[in-house]
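Following: one structure in structure tokens, then a few remarks.
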Amino acid sequence: MKSTRKFGPVVAALAAVLLTGGLAACGNSDTGGGSGTADDGKIVLGFSQVGAESGWRTANTTSVKDAAAEAGIELKFDDAQQKQENQIKAIRNYIQQKVDVIAFSPVVESGWDTVLKEAKDAGIPVILTDRAVDSADKSLYKTFLGSDFVKEGKLSGEWLVENKKSATAEVNIVELQGTTGSAPANDRKKGFAEAIAANPKLKIIASQSGDFTRAGGKQVMEQFLNSNPKIDVLFAHNDDMGLGALEAITAAGKVPGKDITIITIDAVKDGMKALADGKFNFIAECSPLLGPQLMDLAKKVHAGEEVPARIETEETTFTQEQAKEALPTRKY
Ligand code: GYE
């Protein structure tokens, strides 16, 4: 899915010349060098990260930081601690600092139009990474790089349909949702529900947000266990909530992976370990390694090149056996 355009570097060089000679005079961008680049000629990328809520997020942050260093891009990084207001503040700061490109992973889907318009008016291209926004005006950002979350939910549900195909009694499912209003929570819920509709015996009996954290997963699972005597399946929107839930399940005297079938999403190392150990039953992968592609895109949009409106991450799924095989070489 990567662009293989041969003339990328030439276009970039040309654009740089044009920017230096022409647009800088209009005050389009200025981060000290007068050319929209840092003093040392580097592209400046302002990145607003969601937070540090999960193993996925930590791996994503490392990927972005490493890739920026590798690509020779100056990265300004902000951790929004899962709060939209912090992200809006960070983006406004980047606009004020006249960075060359802004990238962010929106904590929730709604409420971005105003700040995105401010970036557009300032002539700063925006890249969405990992999570989408629901803005109707697609011209407010250049591209969206990330996973197909509906598909992840669907793959999880399809595995369950197959796994429970000979069930004679009702199968009671509890769902730990990700952060309320976030694209992965909305989409994973939707994809899963669509897939399990294939078997009316599969019933979601409780569904609540655990905010993508271990603590949230543990706490909500405790409530689920307290109020529902028969839970057959847990679908957690990420590994971390599933890992937190393991503690609650064990404390309730049940055996995870046996008494309760557990499906999660992400496939970070701790999740894969739980799967290989037989505590989880299935994981749909969501890759956090978006850094290199993001840097590539930042260079392209900075050079004024056209980029695809949507770039989807490639991913797979894991059973317990597949997790055992993959674990030794898993990087994150
Ligand atoms: O699945 C979860 C994280 O947006 C895809 O956010 C990401 C999700 C990921 O907190 O672990």
**Request:** Being surrounded by 23 or more Cβ atoms within 10 Å (Cβ to Cβ), hydrophobic (A, V, I, L, M, F, W, C) and more than 13 Å from ASP240 (Cβ to Cβ) is the filter here, so list the residues in the range 172-201 that pass it.
**Result:** ILE173, VAL174, ALA183, ALA185, PHE192, ILE196
**Message:** Let me spell it out: the conditions are (1) within 16 Å of the ligand (Cβ to nearest atom); (2) within 30 Å of ASP66 (Cβ to Cβ), and ALA245 meets all of them except one. Which number is the exception?
**Reply:** (2)
**ALA195 vs. criteria within 16 Å of the ligand (Cβ to nearest atom), more than 19 Å from the chain's Cα centre (by Cα) and closer than 25 Å to ASP130 by Cα** = no
**Residue that is over 17 Å from the mean Cα position of the chain (by Cα) and not aromatic (Phe, Trp, Tyr), where the choices are ASP259, ASP239** = ASP259
**Request:** Mind listing whichever residues of the range 72-106 are of a type in the set (S, T, N, Q) and buried (at least 17 other Cβ atoms within 10 Å of the Cβ)?
**Result:** GLN82, GLN84, ASN86, GLN87, SER105
**Fill in**
If you go through ALA298, ALA276, the only one that is in the same structural domain as THR61 (by TED's automatic domain parsing) and not polar (S, T, N, Q) is ALA298
**Request:** Check whether at least one residue in the range 32-55 is part of a helix (DSSP H, G or I) and modelled with pLDDT of 50 or more, and report yes or no.
**Result:** yes
**Message:** So, SER63, is that one touching a residue at least 40 places away in the same chain (Cβ under 8 Å), part of a strand (DSSP E or B), touching a Pro at 6+ places or on another chain (Cβ under 9 Å) and within 16 Å of the ligand (Cβ to nearest atom) or not?
**Reply:** no
**Request:** Give the residues of the range 216-234 that are part of a helix (DSSP H, G or I), more than 13 Å from the ligand (Cβ to nearest atom) and touching a residue at least 24 places away in the same chain (Cβ under 8 Å), sorted by residue number.
**Result:** LYS218, GLN219, VAL220, MET221, GLU222, PHE224, LEU225
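The values are calculated or read from the model by the stated rules, or taken from the named source; none is laboratory data. Bear in mind the structure is a predicted one, so any value in this text is a computation, not a measurement. Cβ sites come from the backbone with ideal geometry, for glycine too, and all protein chains shown count toward neighbours.
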